[in-house]
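The next block holds one structure in the form of structure tokens; read it before the comments.
The values are calculated or read from the model by the stated rules, or taken from the named source; none is laboratory data. Every value quoted in this text rests on a predicted model; they were computed, and no experiment measured them. Note that each Cβ is placed from the backbone with ideal geometry, even for glycine, and that neighbours are counted across all protein chains shown. Surface accessibility is based on the protein's heavy atoms, side chains included, excluding ligands, DNA and RNA. Shrake-Rupley method; radii C 1.70, N 1.55, O 1.52, S 1.80 Å.
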Amino acid sequence: MPRLRPSFITFDCYGTLTNFRMGEVARAHFAGRVPAAEMDAFLGSFSAYRLDEVLGAWKPYAEVLDNAIRRTCRKHGIASQEGDGDVFYRAVPGWGPHPDVPEPLKRVAKEFPLVILSNASDEQIHSNVAKLEAPFHAVFTAEQAQSYKPRMKGFEYMLDRLGTRPEEVLHVSSSFRYDLMTAHDLGITMKAWVNRGHEPRGNTFYGYHEIPDIGGLPGLLGL
């Protein structure tokens with residue numbers, strides 16, 4: 001087993017630590033408008049459009065969600081309604097962690113400073129972080145960086161604020177497209193992929209350690 005000794009452990013929040021329930025909310029909200037047989041495809045489009053919406057210049061996350069759901073509805077021939085995007089935006093702060101997160105995270109926090117880099121807005125993130133139950137050294141958002149992952153600017157903002165180099169952090173995420181590919185390109189050599197079954201196995205070219213959940217993190221650190 002490796003024994004990684006980073007100066008900071010940096011995390012993606014939603015999906016990795018917090019149970020990202022966007023699909024669950026969409027299923028409930030659109031149950032009367034999207035046929036059951038089409039729902040999975042609808043959710044796939046919503047996910048793809050959310051990614052597309054964060055690739056350009058920064059805009060408020062509420063606008064990201066509103067644009068993404070409108071584009072999804074248009075693609076699937078579903079009538080969108082005023083306030084559809086706001087349903088998702090208002091739901092986010094109420095989401096709690098995956099069951100495997102709090103205890104190992106608190107254990108790791110005794111030995112390493114923990115940091116979050118999230119695509120959330122400032123007004124959303126702190127409610128979710130509090131539910132993780134572990135102390136965090138710093139929490140950075142796309143709103144602060146004026147850039148969303150997977151763009152590099154947010155990672156650069158985080159590293160600058162921490163006063164550290166890419167090779168000194170361990171970045172932990174369940175997403176290759178939003179986090180681990182960019183981390184690799186920036187020279188973050190210590191990476192952990194949390195395989196929650198949401199993404200296909202990544203290319204080993206990106207040099208990551210795979211763990212099934214956050215319970216596997218202490219082992220990577222020799223704890």
**Study point:** Derived scalar couplings ³J(HN,Hα) [segment 69-80; Karplus, 6.51 cos²θ - 1.76 cosθ + 1.60; whole Hz; x for Gly, Pro]
**Key:** 6, 5, 5, 5, 4, 4, 4, 9, x, 9, 6, 7
Practice item. Report, for the chain, the % of DSSP beta bridges that are antiparallel, rounded to 5. Key: 5 percent
Check your understanding: Given the pairs LYS75/LYS131; LYS59/LYS106; LYS59/LYS110; LYS110/LYS153, which span a C-alpha to C-alpha distance of over 31 angstrom in this model?
Key -> LYS75/LYS131; LYS59/LYS106; LYS59/LYS110
Check your understanding: Can you list the residues, at least 5 places off or on another chain, whose amide H is less than 5 Å from the amide H of SER118, using H built in the peptide plane?
Key -> PHE140, THR141, ALA142
**Study point:** Separation of alpha-carbon centers, segment 18-42 and segment 92-119, rounded to whole Å
**Key:** 26 Å
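Report the gain in length on full extension from PHE205 to ALA36: 0.36 nm times residue separation, minus Cα-Cα distance, nm rounded to one decimal. Please list the in-between numbers first.
Numbers: separation 169, 0.36 × 169 = 60.84 nm, distance 3.82 nm.
Working it through step by step, the gained length comes to 57.0 nm.
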Check your understanding: About the Cα centre of the chain, what is the dipole size in debye to 20, counting +1 per Lys and Arg Cβ and -1 per Asp and Glu Cβ, all else neutral?
Key -> 220 debye
Practice item. Determine the distance separating the Cα centre of segment 46-65 from the Cα centre of segment 181-195; give it in Å without decimals. Key: 22 Å
Revision key, fill the gap. Once phi for every residue in segment 24-35 is put through the Karplus expression 6.51 cos²θ - 1.76 cosθ + 1.60 (θ = phi - 60°), the whole-Hz ³J(HN,Hα) values, with Gly and Pro written as x, are 4, 5, 5, 4, 5, 5, 9, 4, x, 10, 10, x
Check your understanding: Sorted by average packing, counted as other Cβ atoms within 10 angstrom per residue and highest first, what order do 50-60, 103-113 take?
Key -> 103-113, 50-60
Review point. How would you order 82-91, 200-209, 182-191 from highest to lowest mean count of nearby Cβ atoms within 10 Å?
Key: 182-191, 82-91, 200-209
Point to revise | Helical mean residue ellipticity (222 nm; -39500 (n - 2.57) per DSSP H run of 4+; nearest 500) of the chain | key: -11500 deg cm²/dmol
Practice item. Keeping the other protein chains in place, figure out the carbon and sulfur percent of the accessible area of segment 6-85, with a 1.4 Å probe. Key: 50 percent
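Please give me the summed charge of the neighbours of PHE30: other residues whose Cβ is under 11 Å from its Cβ, Lys and Arg +1, Asp and Glu -1. Intermediate values should be presented prior to the final figure.
Values: positive: ARG27, ARG33; negative: GLU38, ASP84.
Taking every Cβ under 11 Å from that of PHE30, the sum is 0.
Would segment 92-223 count as rounded, prolate or oblate if I go by the C-alpha gyration tensor, calling it rounded below 1.5 in a/c and otherwise prolate when a/b exceeds b/c, oblate otherwise?
Numbers: a/c = 1.28, a/b = 1.02, b/c = 1.26.
It is rounded, given that a/c, with a ≥ b ≥ c, falls under 1.5.
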Point to revise | Accessible area (Å², per residue) of segment 20-91, counting only protein heavy atoms and a probe of 1.4 Å | key: 50 Å²
